Each structure stands twice: as C-alpha cells, then as structure tokens.
1. Could you give the length gained by full extension between Gln76 and Gln242, i.e. 0.36 nm per residue of separation minus their alpha carbon distance, to one decimal place?
2. Given the pairs Lys389/Lys500; Lys113/Lys166; Lys52/Lys339; Lys103/Lys123; Lys239/Lys260, which are separated by over 23 angstrom at their Cα positions?
3. At 37 °C and a viscosity of 0.692 mPa s, what translational diffusion coefficient does Stokes-Einstein give for segment 55-116, taking Rh as the Kirkwood radius over Cα pairs? Give it in µm²/s as a whole number.
4. Could you check the simple spin-label distance between Ser119 and Thr302, using points 7 Å along Cα→Cβ, in nm with one decimal?
5. Where does each of Glu146, Glu182 land when they are ranked from fewest to most other beta-carbon atoms within 10 angstrom?
6. Taking a ≥ b ≥ c as the square roots of the Cα gyration tensor eigenvalues, with a/c under 1.5 meaning rounded and otherwise prolate when a/b beats b/c, else oblate, which class fits segment 101-214?
7. Kindly provide log₁₀ I(q)/I(0) values, in the same order as q = 0.14, 0.16, 0.20, 0.34 Å⁻¹, from the Debye equation applied to equal alpha-carbon scatterers of segment 107-148.
8. Most exposed first by the Cβ proxy, i.e. fewest other Cβ within 10 Å, how do Thr186, Thr116 rank?
Amino acid sequence: MSLNWINQNKSLYKDFTVLTSSLDDYSNDINGGILLQAYNTIQNHESDDKPKLAALNNILICFLISYYYDDLNNIQYMIQFINRIIPNNTISETFDDEKDMWKVVIRCISLGKIPTATSTLNKFLQQVDESTKKYQYYNMLLRLMENYPLPSIDETNNEDLLKNWKTLMSEFHIHLSNGLSEDLHTLFYLTIGILNGNETSILRINEVLDDELQHWGPVFLSFFMYYIPSMTLVDDYLKKSQKDEAELIYNEILKRNNNKVISYTTIIIDLDDLIGFSLLEILNRLNILPLENDFMNLLYDTWYDKCMGFTITKDNLISIDDVSVLLKIVCQSGLTISKKRKMIENITYKFITSNNQILVSLNNNDVEYLIGLFSKFRLQQCCKSLYMKLGLALINNITLNIDDESGDAMTIIGTQTILNGLSILSRALDYETEESFLKSNVENDVLSTLVGKCDLILECNLKRYLTLNFKDDPFEIFVKEYTNMNNLLKQAFIMLIIVKELEKTCKEIEQGNNLEAYCTKAMKYIIELLKAPHLKSEFKGILTLYFLNPLIEQMKDMQNKGNNVDGFETLLYEVLEYVNVLNDKYEKEIDLQKYLNNIVNQYKMKYQGESIKTVSQNILELLLIL
C-alpha cells in the first residue's frame, strides 16, 4: 500500500478534518449542510493533477442535488454538476460564420452558460444591419436569454420569475412558428426550441455539435433548465438524454437507487481514503445511504490490513501528520469502541512508537494530540509506551562524532534535549498501575529504565564541555533544572548536588584558599560520588579523573604531612582500576581513545606522557606514599 495520497492532499485534509470533527463523536447530530460544506472545501483544493479528487467531489455534489435540491432550490448546482462530469466543457470564443456562431450559442445554453451565450450573440449582432428582421428577432432572443432567472448560488431561485420567463419564451416560440423566414438561420429556430423546453429540439443538441463535444449531460441539463427543473422528472430526463441508459453511479444516485449505489462504495474509498470514508459516514448518519454494520466492518478491515502492510524504509517514511490522517479515519468511523481501540493502538505502534526517527521529530503539540487521543479511548498503556519510547528515543539519540577539520569531539544532541528526554520518560509513571508502581526499581520497567539512564546526563555534558573547549560549566544547566525536576528525577540525579559542590571546592583550591581543608572536603565528595549507585563503573573513572587529577599534587603533600582522609586509599585503588579498565576497553576504538585523551590531557600534571599511563603513574606514586 502506498500512502502518497496523504502527501498530495495535506492542505485539504487539514481543512477537511476540522469540518468533519463532529463525526468523531457518534452521538453528535449532523444535517445536510455538512455535505455542502464538504463539497465547497474540496472544490477549493481541486486541480487538474488531482482527477480522483474531482471525481469524488462529482459524486458528493450528485448526492447533494439528489437529496437536498428542493431545499437548495437552485439550478446553479445542477449546472455545476453537469459541467464537472462531461469530458470537455470548453467553449470556443471565436466563430467563422453564422452557423458556427449558433453552434457556440447552443453549446453555451445546453451547459447553462447563459452569459457566454449572450456575449457571443451580441458580438454577432454588431455585424448585422439593425433595420433588418434578422436583427430584430435575434435581438429579442438576446434580451430573453439575458433575463433567464439564473441566480447565483448564494441566492434563492424565484419560481414566479421562471414561470414568467417561460411564458414569454413560449409566446416568442409560437410567434416564430407561424411562418419561417429565409433570413433567419435554421439553428436560430433550434435555439428557440431548446430554450422553450421543446423535447424534439433538445434531443437534437448533439446532432449539431462536433463529435468530441457530444455527451448526454448537456441534453439532460437542457431538459432540467428549460422544461421543468424538478427532481421528480430526473429519471425521465436520464432515459431521454442517454440512448442506452449507462451504468453510471450518477444515474443511481439521482434516482436514489441505494442497492446499486452501495456497489460503488469501494470505488468511493479508492478515490480517496479519508474523504471517501468521511462521505460514507456522513451519508450513513443522514440515512441517505444506510449501510449495514457488517458491511462497514468489512470495508474498514480491508483498509486497515492495507495500512498495516505498509513497509517503512528510509526512502518511504511517513510523518505524524500522515498518521493523524489514518487515525482520523478510525476516530470518525461507526466501529465499536473496542475495534477503534485496537486499530488506534496498532497504527500508532507501527508508525510512531516503534519508529525512533518519527519519535524524535514530535513536538509538544504532537505529543499532546496523541496523549489526548489515547486518553479519550482509555489506552493507558499507549500513554505510558509513548512517554517511555519518546524519552528513550531522545536520550539514545546522543552520538559522539569527531569534527573532520578541528578533530574536536562533538555531541549531536544538546543538554536540554537530554533533560527533556528524561523528563518525558518519567511521565510514564503517571500511567503505571498501583501493582507495578509498588514493585522495586528492577521490576518496574519505567523506574529501572530511568535509573539506568541517569549517568548519561553527566557523560553527555562532559563531552559537551570538551567540545566547547572547556568554556562552560558542564553541569550548570542540570543543577539549575534540579529544583524543577519531579521527585523521581531528583532521586535519580542526587549526584548533581555532589558534582556542584565539587566544582565549588575545586575553585577554592585553585585560588589557594585553605588548601588542606578544601582538599579533604573534595576527597570526601569524590568518595560520595563513587558511591552513587546509578553510575556505570566505566564512567565513574572518567568523572573522578575530571576532579581528581588537578588535586593530585596537593594530595601528595597532604599525605606526606599525615593528613589522611578516611577511605581515600580505597578510592585511589578503585580509580586506578577504572582507568585501566577504560584503557583496555577502548584500546581499539580510536574515537573513544581520543575522547579519553582529550579529557586527561587538560589536567595540570607535572609529568606528560601517554595520558592514561601518566594518570595511572601519578596515582601509583600517591599510593606508595600511603
């Protein structure tokens, strides 16, 4: 199945879904006005490169005329309908002789284009001597055509005006019938007969037109306009205008033959999924085209299976706007709630929650729309799944690249994005059941996922710190945001407070203020940092080195003077172990080795050499003192 039809009509669907929002609640009452609004909305978006859309709107206006013509009481809609369905409704603006002129006039009046007919005849009369009988009679016809009571769509038709006009036309026809004049063209008499509603004259319309212009539509419209504009006579008009009554959906709609119209429902859907289903729902609810539940279920099941068979590839992606169109079709349907829930759940899983590329493209409005939809249909697990997968998609979208020109490390996703991802992830807890919420972190999937990601914040910011050449505080934004975090995030990121205090302490040491006291304080903070349960062991080495290396020289002096810190010896062995593990783990990964070297090389070290080994040697020297 292809979903290209969505991309081709996005602007239309935006307007159309607003119009048909009342369909989303099956208890809402609707009236025939929605058909007229739908027709006008589609018409505003029609173009030559969208023939299916035009065909669907032809069907829509046909239903509108068939069931609401008496309410509309306006010939203009029938004129629009006929001009839409004929293959060629163009009219030549030039003519070579009088015969060609009358062909143009007959063509115009049979298509309801009275102003064009009068303009053509008026242009011809400018070449005729005003003193002749021809001019007098042609001019009388011109005045009659100009006064045909053809109101605009916004006006109501006046039956008295039409009756008066037909009386004048009939009198003119009778007057001319008393004797033919050689000065008057034979097609002039045919034109008079058509306008008078004469059956014989109307049936000759196609005889005088070129082959490519012949169609039953102008004949039908001429009966409707110039005989009696009544829907009760439509069946008779169709039979007379079509030599062999064609198997057309328009015929069945105009004759209200529902049994045959139903056989065209799949064609209506194939023309456009969203508008096709919307039209069927409207017709069903207005009781214009009653459809059995089993039949509608079959239509929706067939469409749903095609949607689920769509293959998502890099070259064949869809957006949240595309998915919202599919969801709209389900929401406005008359399907049972349980069936709607199943379809909504599976469609959103296939096209959104299982696709990271779409997930990370969602904005706040998109998320609110989906959560609102899930909540409306009580799909709590879908709410939870969306928050979890969206949060994880944002977090996991961090990648470390090396700039080709500078060789510096770069993070693709910024700090705030990661924080947003974790915050979104934590919202999934709002949809946990009481039983799952009381489970331990390991058993509860939301809690365990959140706790397992907490070290990523620190790592991401440390990388960002390197990328910006150490100009910004790598943890400042998180410390600022800490007070705004929910309780779960505060618990997961308690180490941020430790990190901030470490930074303050290191600044005091750099300024030479009470070195021993601040070094002791720093060591205690580092020990607490290493106790943080949610940090990965590999990352503990990186983070500890970040704060420890600048203090190594001061710590040597402290130990030589006998100023010990409880647990410091264990800390040094642990850091040494972490550093060596990192060195071995990333030995063959050039990018990560470069990353580690970038971190270690920034420290104020007395001896320079291979970075990791130098750090290890300094720590070993300190251990020897101990």
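Each value in this text was obtained by applying a stated rule to the coordinates, not by laboratory testing. Keep in mind the model is a prediction, meaning the values are calculated, not measured. Here the Cβ is made from the backbone with ideal geometry for all residues, glycine too, and neighbour counts use every protein chain on show.
1. Working: separation 166, 0.36 × 166 = 59.76 nm, distance 2.19 nm.
Length gained, Gln76 through Gln242: 57.6 nm.
2. Numbers: Lys389/Lys500 30 Å; Lys113/Lys166 18 Å; Lys52/Lys339 29 Å; Lys103/Lys123 14 Å; Lys239/Lys260 17 Å.
Flagged as over cut-off: Lys389/Lys500; Lys52/Lys339.
3. Numbers: Rh = 13.1 Å.
D, rounded to a whole number, is 251 µm²/s.
4. 4.5
5. Values: Glu146 13, Glu182 5.
Ascending Cβ contact count within 10 Å gives the list Glu182, Glu146.
6. Values: a/c = 1.38, a/b = 1.20, b/c = 1.14.
The shape class here is rounded.
7. Once normalised to I(0) and log-transformed, intensities are -0.30, -0.38, -0.57, -1.16.
8. Lowest to highest Cβ neighbour count: Thr186, Thr116.
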